[in-house]
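Accompanying notes for the structure given below.
The values are calculated or read from the model by the stated rules, or taken from the named source; none is laboratory data. Everything numeric in this text was worked out from a predicted model, so none of it was measured. Backbone-built Cβ (ideal geometry, glycine too); neighbour counts: all protein chains shown. Note: accessible area is taken over every heavy atom of the protein model, side chains too, but ligands, DNA and RNA are not part of it. Shrake-Rupley method; radii C 1.70, N 1.55, O 1.52, S 1.80 Å.
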Amino acid sequence: MPFLGKDWRSPGWSWTKTEHGWKRMVFFGHELEDNNREIDLKETIQMVFFLPFSVVFRDKWIYVQKGSTKERHGYCTLGEALNRLDFSSAIQDLRRFNYVAKLFQLIARSQLTSLSGAAQKNYFNILEKIVRKVLEDHYNPRLVKELLQDLSSTLHSLTIHVGRCVLVGNVNIWLCRLETIVKWQQELNNMQIPKQMCTGMSFSDLPLHMQNKILLKLSDACDIINLGQATPTLHILSENRTLWKKLCHFHFSGKPFCNNLVLTKSGNVDWKLMYFNLQKHYPMREQYGDTLHFCKHCSILFWKDFGHPCTANDPDSCLMPISPQHFIDLFKF
C-alpha cells in the first residue's frame, strides 16, 4: 500500500483554516516537505499558540480509550472528558442541568483528586456558572445546595492538614476556593424567590382531578411534600395513598417490599412511610431530561443532539444512555 506519511498508523497532519484556505500547523524543528520556502516564525507562532480554544476542541464528543493500541496510544481521563464535552453549554439547557449537577456532585464526593490542574480549574468555572444560573433563574436550588455541601465536606477533609494536601496546586488556593463555596452557600440560603404575578388561570384554579394527575407525574418526594405545603387542598392531594404507592413502585420496582412493610393502626400499608423506609436501603431510580450517550461500536461518548461520526450500519442500536455514576465508572482504570 502507498505510504502517505512517515508512518501510516499516525493520525496525519494537523490543519487550520485561515482566510486564504487551509494551512498545515507547523511546530518548531519541523519543515514542510511540500514547500521549500522558509517558515514565517511569526505566522507559525500565531498559528500554533494563539488558536482559540473552540478551534482546538471543536468536536463535542470524546473517544473513551482504556489502553494503547497500534493506532492509538495513551488513555482518556475524567479530566479530559470534563474539558471536551462542553458542560458549560449543557447547563444552559434545562433538560441537562440536573444531569450535570448530579455528575458534579459525584465528582465532588470521590473523584476530585483524580482531576488534573486544568480540569479542576474548569470544574470550578462551570460550578460558578451553575450557581449563577440558580441565583438568576431560581431553578432547583436544593440540588445545588447538596452539591456545594458535599464539595465543602470533601475539601474540609482534604485540606485539614495544611501542606499535605493531595489536591493539585497550592493549599492556599484551595482554602480560597473553600471560602468561595461558603459564600455561594450563603447566597443560595439568602435567595428569595419573588411571587409570580399571574392574571390568568393558576394551578389552584384547575379541577382537582387535573391537579392530582400533575402530582402523579412528579418523581421526587421532596417536590411533592413542598407542593403540599402551598394550599390545604394540595396538602390533601399530596397525602394520597395511591400517589405514594406509585412512587414506591417507580423507584423500587423489583425490590422486596415485604421486608420493609409499614402498617397503619387499621392494618393498611402506609405507603408514604414505606417510601422513606425503602429509601434508606435501596438507591432511587434516576430520571433526566437528557443524558450523555455512549456508542458501543465506536467507543465514543457524546451528547445525542450533537451526534458523532459513527461507522456502524445501524447507529441507533449501538447507543447506550450513560447515567452520572456510569460516566464516573467509564474512567476508572
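Can you tell me which residue in the range 138-160 is farthest from residue 194 (Cα to Cα), limited to those that are among the β-branched types (Val, Ile, Thr) and part of a helix (DSSP H, G or I)?
Ranking the candidates gives 154 first.
Criterion first (under 22 Å from residue 140 (Cβ atoms) and surrounded by fewer than 12 Cβ atoms within 10 Å (Cβ to Cβ)) does residue 283 satisfy it?
Criteria met by residue 283.
Here is a yes/no grid of residues against (1) open to solvent by less than 50 Å² (accessible area, probe 1.4 Å); (2) charged (D, E, K, R); (3) modelled with pLDDT of 90 or more:
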site	(1), (2), (3)
249	no, no, no
263	no, no, no
267	yes, no, no
304	no, yes, no
307	yes, no, no
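Only one of 284, 320 is part of a strand (DSSP E or B) and within 21 Å of the chain's Cα centre (by Cα). Can you tell me which?
The conditions single out 320.
Rundown of residues vs (1) open to solvent by less than 10 Å² (accessible area, probe 1.4 Å); (2) out of contact with any His (no Cβ under 9 Å at 6 or more places or on another chain); (3) assigned to a loop (DSSP other than H, G, I, E, B); (4) at negative phi, yes/no style:
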| site | (1), (2), (3), (4) |
| --- | --- |
| 92 | no, yes, yes, yes |
| 97 | yes, yes, no, yes |
| 102 | no, yes, no, yes |
| 108 | yes, yes, no, yes |
| 111 | no, yes, no, yes |
| 121 | no, yes, no, yes |
| 128 | no, yes, no, yes |
| 136 | no, yes, no, yes |
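Residue 318 - would you say it is touching a helix residue (DSSP H, G or I) at 6+ places or on another chain (Cβ under 9 Å) and without any contact (Cβ under 8 Å) to a residue 60 or more places away in the chain?
Answer is no for this residue.
Okay, residues lined up against (1) loosely packed, with under 10 Cβ neighbours inside 10 Å; (2) hydrophobic (A, V, I, L, M, F, W, C); (3) in contact (Cβ under 8 Å) with a residue 60 or more places away in the chain:
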{"residue": "180", "(1), (2), (3)": "no, no, no"}
{"residue": "187", "(1), (2), (3)": "no, no, no"}
{"residue": "203", "(1), (2), (3)": "no, yes, no"}
{"residue": "206", "(1), (2), (3)": "no, yes, no"}
{"residue": "217", "(1), (2), (3)": "yes, no, no"}
{"residue": "236", "(1), (2), (3)": "no, yes, no"}
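I need a count of the residues in the range 202-240 that are of a type in the set (D, E, K, R), within 21 Å of residue 269 (Cα to Cα) and at pLDDT 90 or above.
1
Enumerate the pairs (first residue in the range 124-140 and in the same structural domain as residue 183 (by the TED database); second residue anywhere and of a type outside the set (Val, Ile, Thr) and crowded, with 16+ Cβ neighbours inside 10 Å) with beta-carbon separation below 6 Å, excluding pairs fewer than 6 apart on the same chain, so at least 6 apart or on different chains.
126/87; 131/184; 134/141
Considering the range 66-104 alone, what residues qualify as being more than 15 Å from residue 123 (Cα to Cα) and either at pLDDT below 85 or in contact with a Cys (Cβ under 9 Å, 6 or more places away or on another chain) (or both)?
66, 67, 68, 69, 70, 71, 72, 73, 74, 75, 76, listed by residue number.
Taking the range 302-324 on its own, how many of its residues are of a type outside the set (A, V, I, L, M, F, W, C) and under 14 Å from residue 82 (Cα atoms)?
So the answer is 1.
Please go through the range 309-333 and pick out each residue that is open to solvent by less than 80 Å² (accessible area, probe 1.4 Å) and either in the same structural domain as residue 99 (by the TED database) or of a type in the set (Asp, Glu) (or both).
329
Restricting the search to the range 114-163, which residues are within 23 Å of residue 93 (Cβ to Cβ) and polar (S, T, N, Q)?
122, 125, 140, listed by residue number.
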